[in-house]
Amino acid sequence: MTTIEAPSTSEAGPDTRSRRYAADIAALLIDHVSHCYGPRRALIDVDFAVAPASFTALLGLNGAGKSTLFSLITRLFGVQAGHISIFGHDIGVAPSEALKLLGVVFQPRTLDLDLSVRQNLLYHAALHGIARRKASERSHEVLTRIGLADRAGSKVRDLSGGQMRRLEIARALLHRPRLLLLDEATVGLDVKARADILGHVRQLVTDQGIGVLWATHLFDEIMPSDDLVVLHQGKVLAQGQVARVMADTGAADVNSAFARLTATAADPGIPTP
């Protein structure tokens with residue numbers, strides 16, 4: 001099993017703030033997971049963990065396997081090899097316990113454009129078995145937090161792209177998960193909207209102690225203090241705090257570190273989706 005482990009106190013460097021997280025309390029544990037579509041290998045022995053109350057960037061180009069991994073975590077696909085657990089609950093053994101701790105924002109938008117902002121949230125709350133009064137209270141709470149309380153009665157189709165993304169994040173938080181997955185959440189947004197979404201998600205980590213796995217192919221969405229997993233052609237090429245990955249590759253920035261890692265990576269020889 002994977003363990004997120006802090007360096008000894010004698011070691012200098014950016015990871016000294018880290019604590020040790022055993023596998024059974026990791027927010028998310030990906031334990032030697034592989035997945036194939038027929039002969040095509042999408043994931044190859046992927047192994048990493050996300051600590052509670054942390055922001056982990058999953059960096060990879062289109063086709064790296066990020067969406068496949070999210071589909072496995074959310075049980076859209078069954079796990080073929082390896083194990084996945086959320087706060088110690090194996091998703092194959094105790095899926096209900098695991099998934100109730102998970103909130104997800106997928107890359108394709110899944111809002112009902114003809115319903116109001118509030119109606120979208122109440123419908124989602126009903127799917128989670130949240131009572132109507134509590135759902136109304138939580139809807140107001142999350143809309144206030146993301147700055148959309150004044151648009152509660154507006155149809156979703158009248159929102160901007162950035163507002164829709166904020167609404168999807170609010171929806172994912174309605175049942176108060178402890179882990180939030182976001183798959184290319186800023187695709188198609190302008191620079192300001194991207195910054196707003198990122199700032200909001202990072203604030204969730206700070207204010208609410210939520211663990212975040214942020215899948216992206218954009219280098220400028222990653223900060224030196226973030227945890228980083230580099231996924232390329234279905235394989236994890238590097239993981240750890242960004243500053244450490246940069247130091248290990250002798251790179252001055254994330255872009256250069258990624259270029260060096262992928263340039264020396266062995267090509268599996270089979271295309272991945």
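Side notes on the structure shown:
- Output for the range 107-128, where each listed residue is at pLDDT below 90 and farther than 13 Å from ARG171 by Cβ: GLN107, PRO108
- Yes/no for LEU76 being in a helix (DSSP H, G or I) and either under 22 Å from the mean Cα position of the chain (by Cα) or under 25 Å from GLY209 (Cα atoms) (or both): no
Yes/no per residue for (1) in contact with a Lys or Arg (Cβ under 8 Å, 6 or more places away or on another chain); (2) at pLDDT 95 or above:
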residue: GLY162; (1), (2): yes, no
residue: ARG166; (1), (2): no, no
residue: LEU181; (1), (2): no, yes
residue: VAL187; (1), (2): no, no
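- Residue list for the range 42-72, filter: among the small types (Gly, Ala, Ser), surrounded by 22 or more Cβ atoms within 10 Å (Cβ to Cβ) and without any contact (Cβ under 8 Å) to a residue 60 or more places away in the chain: ALA49
- Every pair of residues 6+ apart whose Cβ atoms lie under 9 Å, when the first sits in the range 146-170 and is at positive phi while the second is among the acidic types (Asp, Glu) and surrounded by 14 or more Cβ atoms within 10 Å (Cβ to Cβ): GLY147/ASP196
- On the stretch given as the range 85-115, residues that are touching a Lys or Arg at 6+ places or on another chain (Cβ under 9 Å), surrounded by 17 or more Cβ atoms within 10 Å (Cβ to Cβ) and among the aliphatic types (A, V, I, L, M) total 8.
- The range 90-144, subset assigned to a helix (DSSP H, G or I) and touching a residue at least 40 places away in the same chain (Cβ under 8 Å), residue nearest to SER67 (Cα to Cα): HIS124
- Of the residues making up the range 175-186, not a single one is more than 30 Å from ASN120 (Cβ to Cβ) and not in a loop (DSSP other than H, G, I, E, B).
The values are calculated or read from the model by the stated rules, or taken from the named source; none is laboratory data. As the structure is a prediction and not an experimental result, all values here were calculated from the model. Reconstructed Cβ throughout: ideal geometry from the backbone, glycine too, with neighbour counts over all protein chains shown.
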